[in-house]
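The values are calculated or read from the model by the stated rules, or taken from the named source; none is laboratory data. Note that the coordinates shown come from a computational prediction; the quantities given were computed from them, not determined experimentally. Counting neighbours? That spans all protein chains shown, and the Cβs are built from the backbone with ideal geometry, glycine included.
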Amino acid sequence: MGGTGGITDMPVTESEALATLHRVFGYEAFRGEQEAVIEHVVAGGDAVVLMPTGGGKSLCYQIPALVRPGTGIVISPLIALMQDQVDALRALGVRAGFINSTQDFDERRMVEAEFQAGELDLLYLAPERLRLEGTLELLSRGKISVFAIDEAHCVSQWGHDFRPDYLALSLLGERWPEVPRIALTATATRATHQEITQRLNMPDARHFVANFDRPNIQYRVVPKTEAKKQLLGFLREEHAGDAGIVYCLSRNSVEKTAEFLTRNGIEAVPYHAGLDAGTRAAHQSRFLREEGLVVVATIAFGMGIDKPDVRFVAHLDLPKSVEGYYQETGRAGRDGLPSTAWMAYGLNDVVQQRKLIQSGEGDEAFRRRAAMHLDSMLALCETAQCRRGQLLAYFGQDPDPAGCGNCDTCLTPPETWDGTVAAQKVLSTVVRLKRERGQKFGAGQIIDILLGRRTGKVIQFDHDQLSVFGIGEELSEAEWRGVVRQLLAQGLIAVEGEYGTLVLTEASGAVLRREREVPLRKEPKRPAAARSASGSGRGERKAKTAAAELPEELLPAFEALRAWRAEQAREQGVPAYVIFHDATLREIATVWPTSVAQLGGISGVGEKKLATYGEGVIAVLASLGGPPGATPAPADPAEAAGPDQEDWPGMDAEPEPDDWI
Ligand code: ADP
Ligand code: ZN
């Protein structure tokens, strides 16, 4: 112990950063790498931060901006979200502003004046602004505490989010060498990481890589049969009334899926680059402000969306890479509450994506890279091991060898079987069709032949005369599709040309010669049942997931607090989570504070929110007549009967034929 001086019993003072976390944000402690990052930047160092979505990147620059003298400049490409980000900060009592093209002249002038007068803690700018000499001049007229470069992977030319404007950001270090810079991204690969450091010219930056695990997200992959109906079943059984994102690859399927969900009683809006900017902005804003809206989108949607209560992310088409999949699924459950990443994936996805790569733009190196990405994605889909483990290993982290206990393969371990003979049957059929010069046949024809089906196309080409005709009657069509899909994923068969013709690969020979065994995963008869890690069967209740793990008797309080919050949000024109997160409302319902001071101890209730909403929250609780126990809780309306799954009204009975192969 030190203490040679006279002051012996002075309390250990908390750091200014921690004090700010408590006072402004109302949070108890830093998470993971946050503390180390913040200390480093507060001390003036540069940092490159890799943290998964929901990991808490914002605090890494917001707190240094509050602690260091001057204004923190945040460079973000997400113009459409700046207003919400600034609103959320102001609700915390932080002096924040933004400058972008959505403002009129007067608004901009006001923010500029505030900055110059030193009245802003944080100023958000789009990267293209920094190309304007006017902006640089403005910045040199004020004092800057830190530069934060958000979504820093946009500097990477390999990523799909590449923005040329990001390349100009290297000038910040030249022009303001004394101001620390922090670059942040959720894109995790080493290559991207290096590219960020290089292109932003931050050779001395310290690198922080957070744990990429998102334990509250349950990862599941189901074999695709009728994608839209499967999605509907999933939503009705597990996520009724929840907000979520559904990703599709094409604009057309985005539109159709949104329509289908709406027709079946699930409110959904489309979002893709083909819609005009006004519609897109309106749909995004509804998603942020309403509770329980579903957005059906192409990958154009979601980057930077900081809605904390997205309860599910569903993929109706196979994503092109594990990075993309991870980013997209990471948008679920930022609040740490249970969430689901669900994907329907089938034979057509594999065939179509392989075709796209072959016929697509780009040079050979580009194609090879795309094929590598696809292979990793397929390996993730077809694995019989823990999916989270595969994901973490992909990002260079060590998974728990015992499995995660919260993915479909851990919850319902898939059975494997010896598929060598089945594989030989498929490959032999491919060999025989190859002899028919000039004719091109996809998986559909091969499966028809194996099953001994005399379809028009089988008869037309005399395929019922082949020795392989009808030799596969021991498996169902779905099972054969599973076999072909897995052979494609394992590279034992390939797709060629416009029609998705199946062809042999170099590896096929070993299988045909019986030199290689082919273990396959059994197709589940039904999609993996929904189960949470605790096995509490949260699918049975129609209540929102956010409330699901709350004891029954606390639900009325939780719902009353949500209703109060919705009213506040409406009055102020901000999303509900800007007032309080679900997690905070849950804690309030659980703790049942009876005084404003007691409320201040709850996570997510900082100084400003306590002052603004303290009385209101206490009044809501008081109106309920005290915590449960004193009076019997009213019946839970959410226990109402769930939907009858045998008979979904208005359901589109048309199967989606996979007829394009
Ligand atoms: P990211 O930008 O990395 O996706 P955010 O900065 O939006 O993540 O943080 C995700 C959520 O976690 C937010 O709701 C945020 O308020 C919350 N959060 C961040 N840090 C902490 C912390 N130390 N304690 C409690 N909640 C936190
Ligand atoms: Zn697992």
Problem - Odd one out for residue 431, checked against (1) within 16 Å of ligand 2 (Cβ to nearest atom); (2) not assigned by TED's automatic domain parsing to the domain that holds residue 378 - result: (1)
Exercise for the section: May I ask you to verify whether residue 366 is closer than 20 Å to residue 320 by Cβ and within 16 Å of ligand 1 (Cβ to nearest atom)? Expected result: no
Problem - Residue that is outside the structural domain of residue 501 (by TED's automatic domain parsing), within 16 Å of ligand 1 (Cβ to nearest atom), outside any helix (DSSP H, G or I) and over 29 Å from residue 570 (Cα atoms), where the choices are 332, 341 - result: 341
Exercise for the section: Would you mind stating whether residue 461 is in the same structural domain as residue 431 (by TED's automatic domain parsing) and without any contact (Cβ under 8 Å) to a residue 24 or more places away in the chain? Expected result: no
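Of the residues that make up segment 381-393, is at least one of a type in the set (A, V, I, L, M), surrounded by 23 or more Cβ atoms within 10 Å (Cβ to Cβ), within 29 Å of residue 513 (Cβ to Cβ) and more than 16 Å from ligand 1 (Cβ to nearest atom)?
No, segment 381-393 contains no residue that is of a type in the set (A, V, I, L, M), surrounded by 23 or more Cβ atoms within 10 Å (Cβ to Cβ), within 29 Å of residue 513 (Cβ to Cβ) and more than 16 Å from ligand 1 (Cβ to nearest atom).
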Exercise for the section: Go through (1) over 30 Å from residue 385 (Cα atoms); (2) in contact (Cβ under 8 Å) with a residue 60 or more places away in the chain and name the single condition residue 171 misses. Expected result: (2)
Exercise for the section: Inspect segment 386-398 for any residue being under 19 Å from residue 215 (Cα atoms) and more than 16 Å from ligand 2 (Cβ to nearest atom) and give the result as yes or no. Expected result: yes
Practice task
Give segment 489-521 a look and list any residue that's β-branched (Val, Ile, Thr), buried (at least 16 other Cβ atoms within 10 Å of the Cβ) and under 16 Å from residue 440 (Cα atoms), or say none.
Solution key: 493, 495, 501
Practice task
For residue 151, indicate whether it is surrounded by 17 or more Cβ atoms within 10 Å (Cβ to Cβ), within 31 Å of the chain's Cα centre (by Cα) and at positive phi.
Solution key: yes
Exercise for the section: State whether the residues of segment 45-64 include one that is surrounded by fewer than 23 Cβ atoms within 10 Å (Cβ to Cβ) and among the basic types (Lys, Arg). Expected result: no
Fill in the blank from the handout: The residue that is farthest from residue 299 (Cα to Cα), considering only those in segment 314-332 that are among the charged types (D, E, K, R), modelled with pLDDT of 90 or more and within 11 Å of the chain's Cα centre (by Cα), is 331
Completion exercise
Selection from segment 257-278 of residues farther than 17 Å from residue 81 by Cβ and of a type in the set (Ser, Thr, Tyr) yields 257, 262
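Restricting to segment 463-478, name every residue that is modelled with pLDDT of 90 or more and out of contact with any helix residue (DSSP H, G or I) (no Cβ under 7 Å at 6 or more places or on another chain).
Of everything in segment 463-478, those that are modelled with pLDDT of 90 or more and out of contact with any helix residue (DSSP H, G or I) (no Cβ under 7 Å at 6 or more places or on another chain) turn out to be 465, 467, 470, 473, 474, 476.
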Fill in the blank from the handout: Scanning segment 193-225 residue by residue, those out of contact with any strand residue (DSSP E or B) (no Cβ under 9 Å at 6 or more places or on another chain) and either part of a loop (DSSP other than H, G, I, E, B) or outside the structural domain of residue 183 (by TED's automatic domain parsing) (or both) turn out to be 201, 203, 204, 211, 213, 215
Handout entry: Qualifying residue in segment 135-149 (condition: part of a helix (DSSP H, G or I), farther than 21 Å from residue 44 by Cα and of a type in the set (Ser, Thr, Tyr))
Key = yes
Exercise for the section: Scan segment 344-374 residue by residue and report those that are closer than 28 Å to residue 218 by Cα and in a loop (DSSP other than H, G, I, E, B). Expected result: 346
Fill in the blank from the handout: The condition of being more than 16 Å from ligand 2 (Cβ to nearest atom), within 17 Å of residue 354 (Cα to Cα) and modelled with pLDDT of 90 or more holds, among 484, 495, only for 484
Practice task
Please specify each residue of segment 95-148 satisfying the condition of being touching a residue at least 60 places away in the same chain (Cβ under 8 Å) and surrounded by fewer than 21 Cβ atoms within 10 Å (Cβ to Cβ).
Solution key: 142, 143
Practice task
Please indicate, with yes or no, whether at least one residue in segment 594-607 is at pLDDT 90 or above, of a type in the set (D, E, K, R) and closer than 26 Å to residue 241 by Cβ.
Solution key: no
Exercise for the section: Would you be able to say whether some residue in segment 29-37 is in a helix (DSSP H, G or I) and among the acidic types (Asp, Glu)? Expected result: yes
Exercise for the section: Would you tally the residues in segment 47-75 being part of a loop (DSSP other than H, G, I, E, B), in contact with a helix residue (DSSP H, G or I) (Cβ under 8 Å, 6 or more places away or on another chain) and either away from ligand 1 (no atom under 14 Å from the Cβ) or closer than 15 Å to residue 17 by Cβ (or both)? Expected result: 2
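Test of understanding: among 94, 86, 146, 74, which residue is more than 19 Å from residue 184 (Cα to Cα) and among the β-branched types (Val, Ile, Thr)?
Numbers: 86 fails: more than 19 Å from residue 184 (Cα to Cα); 146 fails: more than 19 Å from residue 184 (Cα to Cα); 74 fails: more than 19 Å from residue 184 (Cα to Cα).
Going through 94, 86, 146, 74 in turn, the sole match is 94.
So that you can scan it fast, the table gives a plain yes or no per residue for (1) without any contact (Cβ under 8 Å) to a residue 60 or more places away in the chain; (2) in contact with an Asp or Glu (Cβ under 7 Å, 6 or more places away or on another chain); (3) of a type in the set (A, V, I, L, M, F, W, C); (4) not in a loop (DSSP other than H, G, I, E, B):
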site	(1), (2), (3), (4)
232	no, no, yes, yes
240	no, no, yes, no
245	no, no, yes, yes
255	yes, no, no, yes
261	yes, no, yes, yes
273	yes, no, yes, no
Practice task
Filter segment 10-44 down to residues that are buried (at least 23 other Cβ atoms within 10 Å of the Cβ) and away from ligand 1 (no atom under 14 Å from the Cβ), then give me how many there are.
Solution key: 1
Completion exercise
Listed by first then second residue, the pairs whose first member lies in segment 402-431 and is in a loop (DSSP other than H, G, I, E, B), whose partner is β-branched (Val, Ile, Thr) and away from ligand 1 (no atom under 16 Å from the Cβ), with beta carbons under 7 Å and at least 6 positions apart or on separate chains, are 419/483; 419/518
Problem - The one condition in (1) within 30 Å of residue 277 (Cα to Cα); (2) at pLDDT below 95; (3) of a type outside the set (A, V, I, L, M) that residue 198 fails to fulfil - result: (1)
Exercise for the section: Would you tally the residues in segment 76-98 being more than 12 Å from ligand 1 (Cβ to nearest atom), of a type outside the set (Gly, Ala, Ser) and touching a helix residue (DSSP H, G or I) at 6+ places or on another chain (Cβ under 8 Å)? Expected result: 5
Exercise for the section: Just give me the residues in segment 333-351 being at pLDDT 90 or above and either aromatic (Phe, Trp, Tyr) or on the phi > 0 side of the Ramachandran plot (or both), in sequence order. Expected result: 333, 342, 345
